[in-house]
Amino acid sequence: MKIYNTLTRKKEEFVPIEEGKVRMYVCGPTVYNLIHIGNARPMIVFDTVRRYFEYRGYEVNYVSNFTDVDDKIIKAANEENVDAAEIASRYIEECKKDMEALNVKPATTHPLATKEIGGMIDMIDTLIKKGYAYDADGTVYYKTREFKDYGKLSKKNIDDLEAGHRDIKVDGEESKKDPLDFVLWKPKKENEPYWESPWSNGRPGWHIECSVMAKKYLGDTIDIHAGGEDLIFPHHENEIAQSEAANGCEFAKYWMHNGFLNINNKKMSKSEGNFFTVRDISKKYDLQVLRFFMLSASYRSPINFSEELVLAAKNGLDRILTAIDNINRFMENAVDAALSETEKENINKLNELKEKFNEAMDDDFNTADAQSAIFEMVKLANVSADNNSSKEYLATLKEVIVTLLDVLGITAEKEEEILDEQIEKLIEERTLARKEKNFKRADEIRDELLEKGIILKDTREGVIWKRV
Ligand code: AMP
Ligand code: ZN
């Protein structure tokens, strides 16, 4: 199995630290809002990496944090006049709902930064004792120049960085000895959450959180560390500096980074009005469609999100799911006959396509080619399966396709969920039926929605609905 390692800029054979096991850490979101579809990309991509390892027989210890203390969370809390902890816990719950709808498996552990402060204080203390950090009036900084390998992940030269930093003055960081130094611990400002520490009442810097959570749940050296490509510098570079200086050994063997998601070929941005949350998309599409779309490109390339491309993904996925429905239908009346010669040949073809899927995934998780292999299987099923097929042939076809779809996180036989848009259309139709005194049709619609778990309430302002 080959993985493109950002550290060496090469595809390398994957060799686990411990045979049969993978320890992987994926930087998770900062929880101050509903997650956007860009945030969903690393979730989907690295969940697929995990699923493929599991399919190949590895036991995966998958850790992904929630950053639940941060300037943006504090700002959102002040705007709503609630505690930062309330904002964080609300959006962690919402994020978990989105992850479930995207078929992203819960991590083995989802640590929260605010629950790991003790470990952060310990690591900062170690860094000070080893001469890699210093306390300046309650703020603790990492001495970037002290770490000889600084820049090895992002391939940045420390002197170039120095030149770029010389003129930048960050508020509250005047006590820094060198412009390259970064914050490990900072004192609280008014109305900010804080923890006691030997240096000040305050909170940790962002980078130290991940170093500490990876160490606690996975150990000093881990197999894979992953996240979006914007995290290579400074976040991951700083994590390496902290962890390797504190632990005295290599931090992660393989560094994986996903490319960015753009909207209509432009950077996603709220001010441009081209910004979608996962929840927005869920109103229009089953989120499996979003997942299938994300996996239609190489995870390292940028991916362009447009209505047209999502529709193409939807059509592709529908084609696969329809083929499985058809197989299920043929199975109802199929006979227990032995495999015919043609069926045996087709099963050989199926196994070749399965090999093609495996080869694609072995090549740095090439999900686009893996999807093509599944499409070819569907084509084979469509031309070869019918009412006269043997039960064994149909069952084999189905088993292989369903298993490989599951590696990509697609559930073949999901109960169809009714979308907000469809509900609203039916409500409109019911209102119209009532106006026309067609109470039979109106009642039918109410019952149909009830069956799908949707309750309607008629109010003076119109119809209100909710899911139960
Ligand atoms: P954040 O909450 O900003 O720390 O982001 C959480 C994760 O989402 C990180 O791994 C980011 O690299 C990733 N991410 C953010 N925006 C995008 C985007 N537009 N495309 C792909 N990944 C993104
Ligand atoms: Zn991180």
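Worth a mention:
- Dimensionless Rg ratio for the stretch 2-258, taking C-alpha atoms and the 2.2 N^0.38 Å reference: 1.01
- Cut-off under 5 Å, modelled amide H: who pairs with ILE303 long-range: PHE260, LEU261, ASN262
- Near-label residues of the stretch 37-79 by backbone N, under 20 Å of a point 7 Å along Cα→Cβ of GLU417: 37-48
- At q = 0.15, 0.23, 0.24 Å⁻¹, base-10 log of I(q)/I(0) for the stretch 345-457 (Debye sum, equal scatterers on each alpha carbon): -0.73, -1.18, -1.26
- Sorted peptide list for 197-210, 389-402, criterion being average Cβ within 10 angstrom, highest first: 197-210, 389-402
- Couplings 3J(HN,Hα) of the stretch 228-245, computed from phi: x, 5, 5, 8, 4, 9, x, 4, 6, 4, 6, 4, 4, 4, 5, 5, 6, 5 Hz, in residue order, whole Hz [Karplus 6.51 cos²θ - 1.76 cosθ + 1.60, θ = phi - 60°; x for Gly and Pro].
- Table column - 3J(HN,Hα) (Hz), the stretch 9-15, Karplus curve with 6.51, -1.76, 1.60, x for Gly and Pro: 6, 9, 7, 10, 5, 7, 10
- Taking other residues whose beta carbon is less than 15 angstrom from the beta carbon of THR342, and scoring Lys, Arg as +1 and Asp, Glu as -1, yields -3.
- Hits among lysines - C-alpha to C-alpha of LYS425 under 20 Å, sequence gap 8 or more where chains match: LYS283, LYS284, LYS435, LYS437, LYS440, LYS452, LYS457, LYS466
- Inter-label distance for ASN328 and GLU359, nm, one decimal - labels placed 7 Å from Cα along Cα-to-Cβ: 3.3
- Size estimate for the stretch 307-407 follows the Kirkwood approach: the inverse of mean 1/r over distinct Cα pairs works out to 14.1 Å.
- Candidate lysines for bridging to LYS2, where Cα separation is under 17 Å - those fewer than 8 sequence places away on the same chain excluded: LYS10, LYS11, LYS21, LYS253, LYS356
- Radius of gyration and maximum dimension Dmax of the stretch 420-467, Cα, Å: 9.9, 27
- Value of Rg/Rh across the stretch 9-70 [Cα atoms, Kirkwood radius]: 1.04
- Pairwise label distance in nanometres, GLU173 with GLU229, each label 7 Å out on the Cα-Cβ vector: 2.5
- Computed over the Cα atoms of the chain, pair by distinct pair, the Kirkwood hydrodynamic radius stands at 25.2 angstrom.
- Net charge, ASP135 excluded, C-beta distance under 13 Å - Lys, Arg +1, Asp, Glu -1: +2
- Cross-link partners of LYS176 among lysines, defined as those whose alpha carbon lies under 22 angstrom from its own and excluding same-chain residues fewer than eight positions apart: LYS129, LYS130, LYS143, LYS148, LYS156, LYS186, LYS188, LYS189.
- Rounded to the nearest 10 degrees, the inclination of helix 37-55 to the longest alpha-carbon principal axis of the chain is 80 degrees.
- The eigenvalues of the Cα gyration tensor, multiplied by 5 and square-rooted, give the stretch 21-135 an equivalent ellipsoid with semi-axes of 27, 23, 10 Å from largest to smallest.
- Around the amide H of ASN5, modelled in the peptide plane, lie the amide H atoms of LYS10, LYS11, GLU12, all under 5 Å away and 5 or more residues distant in sequence or on another chain.
- Exposure ranking of THR342, THR30 by accessible area [1.4 Å probe, largest first]: THR342, THR30
- Surface/4 estimate of mean projected area, convex hull on alpha-carbon atoms of the stretch 162-308, nm²: 13.1
- Efficiency of FRET between ASN81 and GLU461 - r from beta-carbon atoms, R0 30 angstrom, step 0.05: 0.60
- Diffusion coefficient (Stokes-Einstein, Kirkwood radius over C-alpha pairs, 25 °C, 0.890 mPa s) for the stretch 40-102: 179 µm²/s, rounded to a whole number.
- Under 5 Å between amide hydrogens, built in the peptide plane, is the criterion, and for GLY228 it picks out ASN258 among residues at least 5 positions away or on other chains.
- Counting charges near HIS236 (Lys, Arg +1; Asp, Glu -1) among other residues having Cβ under 11 Å from its Cβ returns a value of -3.
- For the stretch 93-246, alpha-carbon Rg relative to the globular expectation (2.2 N^0.38 Å, N residues): 1.10
- When both the stretch 222-250 and the stretch 271-342 are represented by their alpha-carbon centers, they are found 35 Å apart.
- Karplus (6.51, -1.76, 1.60) ³J(HN,Hα), θ = phi - 60°, over the stretch 263-272, in Hz, Gly and Pro reported as x: 10, 6, 6, 10, 4, 5, 8, 4, 5, 7
- Dipole of the chain, positive direction: furthest Cα of ASN191, VAL335, TYR62, with charges on the beta-carbon: ASN191
The values are calculated or read from the model by the stated rules, or taken from the named source; none is laboratory data. Note that the structure is predicted; figures quoted are calculated from it, not measured. Methodologically, a virtual Cβ is constructed for each residue, glycine included, from the backbone with ideal geometry; neighbour enumeration extends over all protein chains shown. Just the protein is used for accessible areas: all its heavy atoms, side chains included, with ligands, DNA and RNA removed. Shrake-Rupley method; radii C 1.70, N 1.55, O 1.52, S 1.80 Å.
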